[in-house]
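Here the structure is laid out as structure tokens; the discussion comes afterwards.
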Amino acid sequence: MVIVMSPAATDEDIAHVVERVESTGGQAFVSKGVNRAIIGLIGDLESFHHLNLRTLRGVATVHRISDPYKLVSRQHHPQRSTVWVGPADHQVPIGPDTFTFIAGPCAVESAEQTVSAARMAASAGATLLRGGAYKPRTSPYAFQGLGVEGLEILRSVGLSTGLPVVTEVVDVRDVETVASHVDMLQIGTRNMANFGLLQEVGQSGKPVLLKRGMNSTIEEWLMAAEYIAQRGNLDIVLCERGIRTFEPTTRNTLDISAVPLAQTLSHLPVIVDPSHAAGRKDLVVPLTRAAIAVGADGVIVDVHPDPETALCDGPQALLGSDLRELAQAVRQLPKVMGRHDAGAVARAR
Ligand code: PEP
Ligand code: MN
């Protein structure tokens, strides 16, 4: 931490800051310039926070040098992590050596629709199945998901297709039930800063897919991951899913630079959701190609057997020739980036 004193700060002001820092067991190094002094601090960041340094007389600004998050930071863990998802006998990796393709319907609507979507996903090469049983909808009148019935459908379709399952949990009261049905818990964009929910999934014993809040900075996203990690769960996969900008043509703007940035700042894997970013199917394949090229560890994509009748997010769901084009991209391009297919790695274990 570095403190910049104001030009008007007196020697007593500086001495007082030094005294306060030393009272925590830390060290303070003063360097006096022509106009102002700066003080470098070494010691425990947590105890410096309690000093309320900004309120001390003569202090102009306080600058942090190390990351505010620790457990998920690459400063403390230089090696990038791999998160394994699925039952002990079929674990799918998400990490720096592989590319993981996750696909499925936005929402579980019925057993038939989920089976069809899972078959489409599997034949396109997906190794994990997505599907929402609890849908966080903007309108309270929109389809909210099938709840426990949806979880049961997902579990049985996952088992019959051999695809481990990821689903969203929106309420702390549902964490235990959701965790007992699926292989990975998703925290959606709207709940990224729901700290109680983050702590609860941190204790669930299941890997977590943490989407970036649509209005959140990368630092806020990593702090959200820190909440999960702090409860003992480091099996966290970050997912960039677009942020709000002034551009109305797409639902959100995919922040492609967030992928390598988050990978530089954190050891956690980072995947991309081109479907929820764009909100329109014609951009899903190009954005997937971009995600692979920028170094994403995987993608999560919406598919639906009949987008016209979809109860949620039909306009972004792929099928037919679009899905075949996507399948070709995820089969060919990750190899160019030196990545192995996550499904092949899972089968070889
Ligand atoms: C979803 O994946 O179904 C979803 C609701 O995504 P997001 O939270 O990114 O909007
Ligand atoms: Mn959706």
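The values are calculated or read from the model by the stated rules, or taken from the named source; none is laboratory data. Worth saying up front: this structure is predicted, and the values here are computed from it rather than measured. Note that each Cβ is placed from the backbone with ideal geometry, even for glycine, and that neighbours are counted across all protein chains shown. Only protein heavy atoms, including side chains, enter the accessible area calculation; ligands, DNA and RNA are left aside. Shrake-Rupley method; radii C 1.70, N 1.55, O 1.52, S 1.80 Å.
Odds and ends about this structure:
- Within the set V299, V303, the sole residue that is open to solvent by less than 30 Å² (accessible area, probe 1.4 Å) and under 15 Å from T100 (Cα atoms) turns out to be V299.
- For the range 254-281, a residue qualifies if it is open to solvent by 10 Å² or more (accessible area, probe 1.4 Å), among the aliphatic types (A, V, I, L, M) and under 21 Å from P68 (Cβ atoms), and the qualifying residues are L261, L265.
- Residues of the range 158-192 that turn out to be more than 16 Å from ligand 1 (Cβ to nearest atom) and of a type in the set (V, I, T), as a count: 4
- Test set (1) closer than 25 Å to D306 by Cβ; (2) at pLDDT 95 or above; (3) within 16 Å of ligand 2 (Cβ to nearest atom) - V170 fails condition number: (1)
- Filter pass, L238 being within 12 Å of the chain's Cα centre (by Cα), under 28 Å from D282 (Cα atoms) and more than 16 Å from ligand 2 (Cβ to nearest atom): yes
- Subset of the range 102-119 [in contact (Cβ under 8 Å) with a residue 40 or more places away in the chain, more than 16 Å from ligand 2 (Cβ to nearest atom) and open to solvent by 10 Å² or more (accessible area, probe 1.4 Å)]: S110, A111, V115, S116, R119
- Residue list for the range 101-118, filter: more than 11 Å from ligand 1 (Cβ to nearest atom) and in a loop (DSSP other than H, G, I, E, B): E109, S110
- In the range 133-149, the count of residues that are modelled with pLDDT of 95 or more, in a strand (DSSP E or B) and under 20 Å from G314 (Cα atoms) is zero.
- T253 without any contact (Cβ under 8 Å) to a residue 24 or more places away in the chain and more than 11 Å from the chain's Cα centre (by Cα): no
- Only residues that are hydrophobic (A, V, I, L, M, F, W, C), away from ligand 2 (no atom under 16 Å from the Cβ) and in a loop (DSSP other than H, G, I, E, B) were counted in the range 290-325, giving 2.
- Qualifying position, being within 16 Å of ligand 1 (Cβ to nearest atom) and on the phi < 0 side of the Ramachandran plot, among A310, A344, A327: A310
- Odd one out for R251, checked against (1) outside any helix (DSSP H, G or I); (2) open to solvent by less than 50 Å² (accessible area, probe 1.4 Å): (2)
- Selection status of V284, open to solvent by less than 10 Å² (accessible area, probe 1.4 Å) and either away from ligand 2 (no atom under 16 Å from the Cβ) or at pLDDT below 95 (or both): no
- Scanning the range 267-281 for residues that are within 13 Å of ligand 2 (Cβ to nearest atom), touching an Asp or Glu at 6+ places or on another chain (Cβ under 8 Å) and among the aliphatic types (A, V, I, L, M) yields a total of 1.
- All of G150, G162 fail the test of being buried (at least 20 other Cβ atoms within 10 Å of the Cβ), of a type in the set (G, A, S) and farther than 13 Å from G104 by Cα, apart from G150.
- Residue satisfying all of: in the range 1-54; in contact (Cβ under 8 Å) with a residue 40 or more places away in the chain and open to solvent by less than 20 Å² (accessible area, probe 1.4 Å); nearest to the chain's Cα centre (by Cα) among these: F48
- Residue in the range 232-241 that is more than 21 Å from R130 (Cβ to Cβ), out of contact with any Asp or Glu (no Cβ under 9 Å at 6 or more places or on another chain), among the polar types (S, T, N, Q) and modelled with pLDDT of 95 or more present: no
- From the list A310, A293, A317, the one residue that fits, being over 17 Å from the mean Cα position of the chain (by Cα), crowded, with 23+ Cβ neighbours inside 10 Å and touching a residue at least 40 places away in the same chain (Cβ under 8 Å), is A317.
Table: residues versus (1) more than 22 Å from R347 (Cβ to Cβ); (2) assigned to a strand (DSSP E or B); (3) at pLDDT 95 or above; (4) hydrophobic (A, V, I, L, M, F, W, C).
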site: I38; (1), (2), (3), (4): yes, yes, yes, yes
site: S47; (1), (2), (3), (4): yes, no, no, no
site: D67; (1), (2), (3), (4): yes, no, no, no
site: P78; (1), (2), (3), (4): yes, no, yes, no
site: A88; (1), (2), (3), (4): no, no, no, yes
site: F99; (1), (2), (3), (4): no, yes, yes, yes
site: M120; (1), (2), (3), (4): no, no, yes, yes
site: L129; (1), (2), (3), (4): no, yes, yes, yes
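- I243 over 18 Å from R190 (Cβ atoms) and of a type in the set (V, I, T): no
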